[in-house]
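The values are calculated or read from the model by the stated rules, or taken from the named source; none is laboratory data. Just so you know, these numbers come straight off a predicted model, no measurement behind them. Here the Cβ positions follow ideal geometry from the backbone for every residue, glycine too, while neighbour counts run over all protein chains shown.
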Amino acid sequence: MKKRPAQQRATDTFERILAVTAQTLADVGIDRLSTNLVCERAGLSPPALYRYFPNKYALLHELGRRLMQRQNELIPRWITREVLSGTQGEIERALQGLLLDTYRVTKETTGGVWITRALRAVPALASVRLESHAKVTQAQTALLKAVLPESSPETLRLLGRISVELIYAAVEMLFDEPPLDAQAVSQMVASMVASYREHLPPAAKPRPKGRVRRTST
């Protein structure tokens, strides 16, 4: 993105561009999406669009950032310190709820399915997905440390990162293979992720410091 609007009129144009891009993406897909088509549908000249977005990947970048932000806002509603301190069944139900909620929000977002696919398939957009996942991983690792202080930080970070990736991969799979049952997929993935406690190695205990013997010369 070249710049963000500062005045209300510019903000309205900015938001109209994104709204039209999302609807166009939903209608024609990634390959047929173009800045010219967006300008035509939005009733704007190309210079008006290029003032903010130099190409269609800049448009997808902003749409992807917003979608992942909406998805990430769901996580604290389901995954809390209290949930992670509970039984495996409670953790499974929370993870299943999170996965289904993420699937729902993505599906309800205009162009959400194509935005999700673009974030995975287009190299220029990988940073949006990776930065978002890194932020979520950091937050989840902090929660896990509070619940499982005896486990090593490196292990908990790896657990958080894998859990984040599995949840998002499952959501993508539901869109790519519509015949799959969302309830069945979410239940199986939640069960797999919630079993993490069985596989956590204990943290290494620090060696006791012994006294250093001095030898006379």
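Odds and ends about this structure:
- Options Ala48, Ala22: the member that is surrounded by fewer than 17 Cβ atoms within 10 Å (Cβ to Cβ) and either closer than 30 Å to Leu99 by Cβ or at pLDDT below 95 (or both): Ala48
- Test result for Ala204, modelled with pLDDT under 95, outside the structural domain of Gln96 (by TED's automatic domain parsing), hydrophobic (A, V, I, L, M, F, W, C) and loosely packed, with under 15 Cβ neighbours inside 10 Å: yes
- Filter pass, Arg9 being in a helix (DSSP H, G or I), among the basic types (Lys, Arg) and over 14 Å from Thr110 (Cβ atoms): yes
- A single member of Glu73, Glu82 is free of Cβ contacts under 8 Å to residues at least 12 places away in the same chain, under 17 Å from Thr137 (Cβ atoms) and either crowded, with 18+ Cβ neighbours inside 10 Å or assigned by TED's automatic domain parsing to the domain that holds Ile167 (or both), and it is Glu73.
- Residue check for Val28: among the aliphatic types (A, V, I, L, M), without any contact (Cβ under 8 Å) to a residue 12 or more places away in the chain and not assigned by TED's automatic domain parsing to the domain that holds Lys107: yes
- Top-ranked residue in the stretch 96-117 [being β-branched (Val, Ile, Thr) and crowded, with 21+ Cβ neighbours inside 10 Å; ranked as nearest to Ser186 (Cα to Cα)]: Thr102
- Filter result for Arg9 (loosely packed, with under 14 Cβ neighbours inside 10 Å and within 24 Å of Ala182 (Cβ to Cβ)): no
Here's the yes/no breakdown for (1) assigned to a helix (DSSP H, G or I); (2) in the same structural domain as Ile30 (by TED's automatic domain parsing); (3) among the basic types (Lys, Arg):
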{"site": "Ala124", "(1), (2), (3)": "yes, no, no"}
{"site": "Ala139", "(1), (2), (3)": "yes, no, no"}
{"site": "Thr155", "(1), (2), (3)": "yes, no, no"}
{"site": "Arg161", "(1), (2), (3)": "yes, no, yes"}
{"site": "Ile167", "(1), (2), (3)": "yes, no, no"}
{"site": "Leu180", "(1), (2), (3)": "no, no, no"}
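- No other residue among Ser195, Ser186 is of a type in the set (S, T, N, Q), surrounded by 13 or more Cβ atoms within 10 Å (Cβ to Cβ) and in contact (Cβ under 8 Å) with a residue 60 or more places away in the chain apart from Ser186.
One line per residue, one yes/no per condition, for (1) modelled with pLDDT of 95 or more; (2) under 30 Å from Leu143 (Cα atoms); (3) not in a helix (DSSP H, G or I):
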position: Pro5; (1), (2), (3): no, no, yes
position: Ile30; (1), (2), (3): no, no, no
position: Leu63; (1), (2), (3): yes, yes, no
position: Arg66; (1), (2), (3): yes, yes, no
position: Gly86; (1), (2), (3): no, yes, yes
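- Taking the criterion of being touching a residue at least 40 places away in the same chain (Cβ under 8 Å), of a type in the set (Val, Ile, Thr) and buried (at least 19 other Cβ atoms within 10 Å of the Cβ), the only residue of the stretch 137-169 that qualifies is Ile167.
- Test result for Ala134, under 11 Å from the mean Cα position of the chain (by Cα), surrounded by fewer than 21 Cβ atoms within 10 Å (Cβ to Cβ), aliphatic (A, V, I, L, M) and under 19 Å from Val193 (Cβ atoms): yes
- Meets criteria (of a type in the set (S, T, N, Q), in a helix (DSSP H, G or I) and within 21 Å of Arg197 (Cα to Cα)) for Gln96: yes
- Test result for Arg93, surrounded by fewer than 14 Cβ atoms within 10 Å (Cβ to Cβ) and of a type in the set (Lys, Arg): no
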